[in-house]
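Working notes, beginning with the structure itself.
The values are calculated or read from the model by the stated rules, or taken from the named source; none is laboratory data. On a predicted model such as this, the values are computed, not experimentally measured, just so you know. Don't worry about glycine lacking a Cβ; one is built from the backbone with ideal geometry, like all the others, and counts go over all protein chains shown. Side chains are part of the model used for accessible areas, which takes the heavy atoms of the whole protein and leaves out ligands, DNA and RNA. Shrake-Rupley method; radii C 1.70, N 1.55, O 1.52, S 1.80 Å.
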Amino acid sequence: MEARARILVLTEDSGKQAQPTIQKLLKEALKLVVEGVDLNPARVRIEPLPENERARQAVSANKWKEQPPTRETIFLLNLIAAQLVVQPAGFVVFHFDTDRVWTDRHTSENRQKFEEIIRDGVRRILRGEAPQPVNPRPRSPQTAEQIETALGRLIILSPCYSIESWLYQATHELLAYCRNRHESEEHVQLIESWSVDRTLLDGVSRPKDDALPCVGDRHNEELAKAFPAEDVWLAERSFFESIERLRSCSSLIAALGY
Ligand SMILES: [Zn+2]
């Protein structure tokens, strides 16, 4: 079976649960973007960076945000550029936390840095304006329009405040994990309020460190499996925003809608 889309998934979270967690959330998002989408892995390849890939060091932690870009970041930029021009349809989905609550999202340093360092860096490579230390060199698109179309296949997942702001929407499971650790009426009420109003979590600062350190990020993969994607989408906060970004990528829609 021929692949219709090859999606490289990058997440700044490190640790064993990070990739399966973000991939699960991405699949749930894709189901909302194209109704009845066939996510057969032979058709839609959703892949992490290889274990031995040097660019991995740039993605995790805060390395990719360093100015000037580190050598690892330059590897990463070239790798992204190559993926965006791969045939058939190559995409890159990049997860980083906004580190802001929803109403402050426009002041997110991470979002600004992504555009300045990553997207502009990839643009320079596609234009042939930057040194390219890795082989094979990406086949550069020809026109400015083709370059911008390729850059449109670099799509961000940028939760407000962090990935736990989405994962904690699995409130039924979340409550069980909290109760397992301790008895806190305050936490029970907090979690219940999140389940009643799905817009609230995007307004919570530092959810895993300040709001629910009892759960933290220890169960992210399990919470992702219970993520109520449609309810969270309907709340029209940062998950909705990321869905809209996916939806606005016409080549992704074309590849998935096949
Ligand atoms: Zn708790």
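Once neighbouring chains are kept in place and the probe is 1.4 Å, which whole percent of the accessible area of the range 162-234 is contributed by carbon and sulfur? Present the calculation step by step, with values, prior to reporting the outcome.
Working: 1580 of 3620 Å².
About 44 percent, which is the carbon plus sulfur part of the accessible surface.
Taking the Cα centre of the chain as origin, sum charge times position over the Cβ atoms of Lys and Arg (+1) and Asp and Glu (-1), and report the length of that vector in debye to the nearest 20.
Working: 34 positive and 39 negative charges, 252 e Å.
It works out to roughly 1220 debye.
Mind pulling the angle between the C-alpha long axis of helix 71-84 and the longest principal axis of the chain? Nearest 10 degrees, somewhere in 0 to 90.
Approximately 80 degrees, to the nearest 10.
On full extension of the chain, what length is gained from Q112 through D209, given 0.36 nm per residue of separation minus the C-alpha to C-alpha distance? Don't skip to the answer; put the middle values down first.
Details: separation 97, 0.36 × 97 = 34.92 nm, distance 2.38 nm.
Length gained between Q112 and D209: 32.5 nm.
Please give, to one decimal in nm, the separation of the simple spin-label points placed at A3 and S193, each 7 Å out from Cα toward the Cβ.
Computed distance between label sites A3 and S193 equals 4.5 nm.
To the nearest whole percent, what portion of all C-alpha pairs in the range 56-184 is separated by more than 18 angstrom? All intermediate terms of the calculation are to be shown ahead of the outcome.
On the way: 4936 of 8256 pairs.
So the portion of pairs separated by more than 18 Å is 60 percent.
Write down the accessible area per residue of the chain in Å², having rolled a 1.4 Å probe over the full set of protein chains. Mind showing how you got there, number by number?
Details: 12520 Å² over 258 residues.
For the chain, the per-residue accessible area is 49 Å².
Residues with beta-carbon under 12 Å from that of A235, excluding A235: net charge, scoring Lys, Arg +1 and Asp, Glu -1?
Values: positive: R198, R237; negative: D197, D202, E230, D231, E236, E241.
Net charge around A235: -4.
How large is the Rg to Rh ratio of the chain when both quantities use alpha carbon positions and Rh follows Kirkwood?
Numbers: Rg = 18.6 Å, Rh = 19.0 Å.
For the chain, the value is 0.98.
Looking at the range 1-122 from every direction and averaging, what is the projected area of its Cα convex hull in nm²?
8.4 nm²
Sum up the lysine pairs in the range 1-130 that clear both bars: alpha-carbon distance under 19 Å and a spacing of 8 or more or different chains.
On the way: K16/K24; K16/K27; K16/K63; K63/K113; K65/K113.
Within the range 1-130, the lysine pair count is 5.
Tilt of helix 238-247 relative to the longest C-alpha principal axis of the chain, in degrees (0 to 90, nearest 10)?
Approximately 30 degrees, to the nearest ten.
Can you quote the Å³ per residue value for the convex hull of the Cα atoms in the range 162-234, rounded to an integer? It would help to have the intermediate numbers written out before the result.
Working: hull volume 5.5 nm³, N = 73.
Hull volume over Cα atoms, normalised by residue count, gives 75 Å³.
Taking a spot 7 Å from the Cα of R181 along the direction of its beta carbon, which residues of the range 212-244 have an amide N less than 15 Å from it?
212-223
Rounded to the nearest 500, what is the chain's calculated 222 nm mean residue ellipticity when only DSSP H runs of at least 4 contribute -39500 (n - 2.57) each, over all residues? Show your work: numbers first, answer last.
Working: 13 runs with 111 residues, N = 258.
Here the helix-only value at 222 nm equals -12000 deg cm²/dmol.
Which part of the range 154-181 falls in the paramagnetic zone of A130, meaning amide N under 15 Å from the point 7 Å along Cα-to-beta-carbon?
154-155
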